Amino acid sequence: MTQTPLHLFKTLIAVILLNFLGILSASAHEVSPSIADITITDNQIEIEIRLMAEAVLAEIDLSEATDTNESARVEEYDRLRALEAQALAEAVRVFWPSLQTRLHLWAVPEHQNLSLRLAEVRVIGEENQDLPRFSILRITGSLASPSAVSFAWDSELGNLVLRQQGVENGLTEYLSDGQRSSAMNGQGALEKRSAWGELFSYVPVGFDHIIPKGLDHILFVLGLFFLTLRVSALLWQISAFTLAHTVTLAAGAMGWVTISGSIVEPLIAASIVFVAVENIFSQKLRRWRPALIFGFGLLHGLGFASVLQEFGLPDGQFIAALVGFNIGVEIGQLTVIACAFLLLGVWFGNKPWYRAYISIPSSCLIALIGAYWVIERTILA
């Protein structure tokens, strides 16, 4: 049975509305990488790990889940998220013997697995159960004699940003899939990844920030796509956006520009609304739109930079890691454009009803989501 444009339009609206409802609830349960700060002093080792304790205690496989709502263990996560801070801290202490077996600290080069002790649990963050909450685990260990160590944790605990504190030549690495860190001692890193190794290790970090976690950036890029399918117009917009966010990503990551997220995030949402609304009233690329997209790109670059500022970049390979992250972001954006073109542009782009039944309705929904985020990040914040 051949579907009419109206049937296709209704199907599209239904799919996007369902995704819209999911988007509105997803931010509360999005999985974030954990951060481990390690300090080595003489024969003592202290590790402070910031993690989503509820997800760990619920036995959610964080190597696969990007959102706790996607897990079969979501009910257990929600039960733990409803606990008071003190009750959650006690639950972490009870769970520690199991968690301890998944943390690995080795003496180097002896490869001796060192014993770790849970010294303190602090629950921080949001009381609002619709938002994620983090816990800080302070863990200590001892060395029989001063030596280097290497750290890892099991892959199901998710990605980990490891940062050595208290030394100038401290190790900073992004670890995934249970990856073992480079060796470090009380003076800093013994061996660091090459520039190429650091670059490639940060590419998936940048990609992950777009797909699947960068919903606001995805919608902005789709807003560019739905203006017109002309390749030249898309190239002008994507080029302006890429150049702009590259500038502020670098400036923000280096600490040259610092603007509060409470200002940047609502403006990013407002930029989504603007490009989507303009799509409704314009059918071609106006001369001033690339310049405006460049301005919006500066805002989005500051949003990208906030991620790197939180994680930290390796001092010795700062530029390589920054370039790798930016490449990952670009690959993510191009993937969004490619998927939209293959799913919509190739099949329906030459239809006379494409703009009326696909481009304009999609832009309306993008504007609606952006407007919700503006309110959420200002009035409801």
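The values are calculated or read from the model by the stated rules, or taken from the named source; none is laboratory data. Everything numeric in this text was worked out from a predicted model, so none of it was measured. Cβ coordinates were reconstructed from backbone atoms using ideal geometry, including for glycine residues, and neighbour counts include every protein chain displayed.
Miscellaneous remarks
- Sole residue being hydrophobic (A, V, I, L, M, F, W, C), loosely packed, with under 15 Cβ neighbours inside 10 Å and either in contact with a Lys or Arg (Cβ under 7 Å, 6 or more places away or on another chain) or in a strand (DSSP E or B) (or both), chosen from Ala107, Ala72, Ala119, Ala152: Ala119
- Members of the range 54-65 that are surrounded by fewer than 17 Cβ atoms within 10 Å (Cβ to Cβ) and either over 13 Å from Gly158 (Cα atoms) or within 19 Å of the chain's Cα centre (by Cα) (or both): Asp61, Ser63, Glu64
- Test: residue in the range 195-216 that is of a type in the set (Ser, Thr, Tyr), surrounded by fewer than 21 Cβ atoms within 10 Å (Cβ to Cβ) and at pLDDT below 85: no
- Scanning the range 189-241 for residues that are under 30 Å from Ser282 (Cα atoms) and in contact with a strand residue (DSSP E or B) (Cβ under 7 Å, 6 or more places away or on another chain) yields a single hit, Lys213.
- Close contacts from the range 257-271, counting a first residue that is closer than 18 Å to Leu222 by Cβ and assigned by TED's automatic domain parsing to the domain that holds Ile218 and a second that is surrounded by fewer than 17 Cβ atoms within 10 Å (Cβ to Cβ) and of a type in the set (A, V, I, L, M), with Cβ to Cβ under 8 Å and a gap of 6+ residues or different chains, come to Ala269/Ala371.
- Top-ranked residue of the range 31-53 - restricted to ones that are surrounded by fewer than 17 Cβ atoms within 10 Å (Cβ to Cβ) and among the acidic types (Asp, Glu), ranked as modelled with the lowest pLDDT: Asp42
- Boolean, Gly328 is under 22 Å from Tyr202 (Cβ atoms) and within 17 Å of the chain's Cα centre (by Cα): yes
- Cβ pairs under 8 Å, 6+ apart, first in the range 149-165 and β-branched (Val, Ile, Thr), second part of a loop (DSSP other than H, G, I, E, B): Val149/Leu114; Val149/Leu143; Val149/Ala183; Val161/Pro33; Val161/Gly312
- Odd one out for Gly166, checked against (1) outside any strand (DSSP E or B); (2) within 19 Å of Leu80 (Cα to Cα); (3) small (Gly, Ala, Ser): (2)
- Conditions (1) farther than 30 Å from Lys351 by Cβ; (2) of a type in the set (A, V, I, L, M); (3) surrounded by fewer than 20 Cβ atoms within 10 Å (Cβ to Cβ): number failed by Ile268: (3)
- When we screen Phe304, Phe281, Phe294, Phe325 for residues that are among the aromatic types (Phe, Trp, Tyr) and either in contact with a Cys (Cβ under 6 Å, 6 or more places away or on another chain) or surrounded by fewer than 17 Cβ atoms within 10 Å (Cβ to Cβ) (or both), the only hit is Phe281.
- Near pairs, Cβ below 8 angstrom, 6+ apart or cross-chain, from the range 326-355 (in the same structural domain as Val221 (by TED's automatic domain parsing)) to any residue that is surrounded by fewer than 14 Cβ atoms within 10 Å (Cβ to Cβ) and at pLDDT below 90: Arg355/Gln283
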